[in-house]
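J.: Pasting in a structure now, in structure tokens, and then I'll have a few things to ask.
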Amino acid sequence: MEPPMEPSGGEQEPGAVRLLDLPWEDVLLPHVLSRVPLRQLLRLQRVSRAFRALVQLHLAGLRRFDAAQVGPQISRASLAWLLRDAEGLQELALAPCHEWLSDEDLVPVLTRNPQLRSVALAGCGQLSRRALGALAEGCPRLQRLSLAHCDWVDGLALRGLADRCPALEELDLTACRQLKDEAIVYLAQRRGAGLRSLSLAVNANVGDAAVQELARNCPELEHLDLTGCLRVGSDSVRTLAEYCPALRSLRVRHCHHVAEPSLSRLRKRGVDIDVEPPLHQALVLLQDMAGFAPFVNLQV
């Protein structure tokens, strides 16, 4: 007796349930599509019109979008399709789009998603002050923003952000080299009370005036990155130690005017500092040269 034939692709066994027969909003969206990577969703929507409609419904309800989940590179057309119906985003990360992302690509997304709380635009050098203005104007609940390596960010753009984002807590301005002390002072005076994390790394224009104003206006500051801020000196660090009791980490590598005595008070409080004490540095150098480390009580 020959075994029964398997049903063909277009046939269905009696009583069998297809995936799309399951309730979309109660089962497929919360329990299935929410676990499918964005890269796979792009493929899934090509299967049929029904799958495309299902994927679009899922994308319209996204709360978090990270373009890195699509891959190291994402096309303009793919980004537009993925975000065209999204109106409830709370987190948006677009670093993989840095080579081509423009105001025309970003501003409509910001306008449709006023609930955004976290936005990462690191390296997006094709944007302009217009995009930051749309973000500040349309997203009043913004708490976290990364503008690292965005050379277009200037003092005027930062002033607009400080004026319109009352909930701002974390700001990454790494390598925003147009920013000078005056812009940072304005940020500290307008939004210092709520700031918890700030990076001003790799900006030779930032000096003691900016850091001291931050210290006096940011009592809740926990993390401060001043890596490569060549004009920052020991006076700033002493002011931080006096006015920032919540400080947990300080980055001052390559700040050649910051001396150990100004850091010692923060070390005693347990603040994580990326520069080792001179004695520890000497022991490491000795070990590298001689191949051993002498026994020294570092607690003395």
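J.: Can you tell me which residues in the stretch 214-273 are surrounded by fewer than 17 Cβ atoms within 10 Å (Cβ to Cβ), within 26 Å of L168 (Cβ to Cβ) and either hydrophobic (A, V, I, L, M, F, W, C) or not assigned by the TED database to the domain that holds G194 (or both)?
T.: Listed by number, the list holds a single entry, A246.
J.: Now for a different question. Filter the stretch 135-145 down to the residues that are in contact with a helix residue (DSSP H, G or I) (Cβ under 8 Å, 6 or more places away or on another chain) and either within 17 Å of R231 (Cα to Cα) or open to solvent by 10 Å² or more (accessible area, probe 1.4 Å) (or both) and list them by number.
T.: The initial filter retains those residues of the stretch 135-145 that are in contact with a helix residue (DSSP H, G or I) (Cβ under 8 Å, 6 or more places away or on another chain), namely 135-140, 142, 145.
E137, G138, P140 - these are the residues of the stretch 135-145 that are in contact with a helix residue (DSSP H, G or I) (Cβ under 8 Å, 6 or more places away or on another chain) and either within 17 Å of R231 (Cα to Cα) or open to solvent by 10 Å² or more (accessible area, probe 1.4 Å) (or both).
J.: Next question, about the same structure. Which is among the basic types (K, R), touching a strand residue (DSSP E or B) at 6+ places or on another chain (Cβ under 9 Å), part of a helix (DSSP H, G or I) and within 30 Å of C124 (Cβ to Cβ), of R267, R191?
T.: Details: R267 fails: within 30 Å of C124 (Cβ to Cβ).
Just a single option satisfies the conditions, and that option is R191.
J.: To continue, here is another question. From the list R84, R130, which residue is assigned by the TED database to the domain that holds I184, open to solvent by 10 Å² or more (accessible area, probe 1.4 Å), of a type in the set (D, E, K, R) and at pLDDT 95 or above?
T.: Numbers: R84 fails: at pLDDT 95 or above.
Just one listed residue meets the conditions, R130.
J.: For the stretch 102-127: of the residues being closer than 16 Å to A86 by Cβ and hydroxyl-bearing (S, T, Y), which is surrounded by the most Cβ atoms within 10 Å (Cβ to Cβ)?
T.: Residue satisfying both the conditions and the ranking: S118.
J.: Additional query: Filter the stretch 156-195 for residues that are more than 20 Å from A215 (Cβ to Cβ) and open to solvent by 20 Å² or more (accessible area, probe 1.4 Å) and give the result.
T.: Within the stretch 156-195, L156, R159, D163, R164, P166, A167, R177, Q178 meet the criteria.
J.: Please go through the stretch 200-256 and give me each residue that is closer than 17 Å to K268 by Cβ and assigned to a loop (DSSP other than H, G, I, E, B), ordered by number.
T.: Of all residues in the stretch 200-256, those closer than 17 Å to K268 by Cβ come to 234, 237-250, 252.
Result: C244, P245, A246, L247, R248, V252.
J.: So, in the stretch 62-76, of the ones that are of a type in the set (G, A, S) and either at pLDDT below 90 or open to solvent by less than 40 Å² (accessible area, probe 1.4 Å) (or both), which residue ends up nearest to N113 (Cα to Cα)? First the steps, then the outcome.
T.: Our first condition is that a residue be of a type in the set (G, A, S); within the stretch 62-76, this holds for 67-68, 71, 75.
Cutting the leftovers down to either at pLDDT below 90 or open to solvent by less than 40 Å² (accessible area, probe 1.4 Å) (or both) gives us 67, 71.
Values: A67: 16, G71: 23 Å.
So the residue we want is A67.
J.: Take A131 and decide whether it is touching an Asp or Glu at 6+ places or on another chain (Cβ under 7 Å) and assigned to a helix (DSSP H, G or I). Write out each step before concluding.
T.: Values: touching an Asp or Glu at 6+ places or on another chain (Cβ under 7 Å): yes; assigned to a helix (DSSP H, G or I): yes.
So A131 passes the test.
J.: Within the group L89, L106, which residue is modelled with pLDDT of 95 or more and within 22 Å of H31 (Cα to Cα)? Give the steps one after another, and end with the answer.
T.: Working: L106 fails: within 22 Å of H31 (Cα to Cα).
Just one listed residue meets the conditions, L89.
J.: Would you say L92 is at negative phi, assigned to a strand (DSSP E or B) and surrounded by 17 or more Cβ atoms within 10 Å (Cβ to Cβ)?
T.: Values: at negative phi: yes; assigned to a strand (DSSP E or B): yes; surrounded by 17 or more Cβ atoms within 10 Å (Cβ to Cβ): yes.
Answer is yes for this residue.
The values are calculated or read from the model by the stated rules, or taken from the named source; none is laboratory data. Note that the structure is predicted; figures quoted are calculated from it, not measured. FYI the Cβ positions are ideal-geometry reconstructions off the backbone, even for glycines, and counts take in every protein chain you see. Keep in mind that these areas ignore ligands, DNA and RNA; they rest on the heavy atoms of the full protein, side chains included. Shrake-Rupley method; radii C 1.70, N 1.55, O 1.52, S 1.80 Å.
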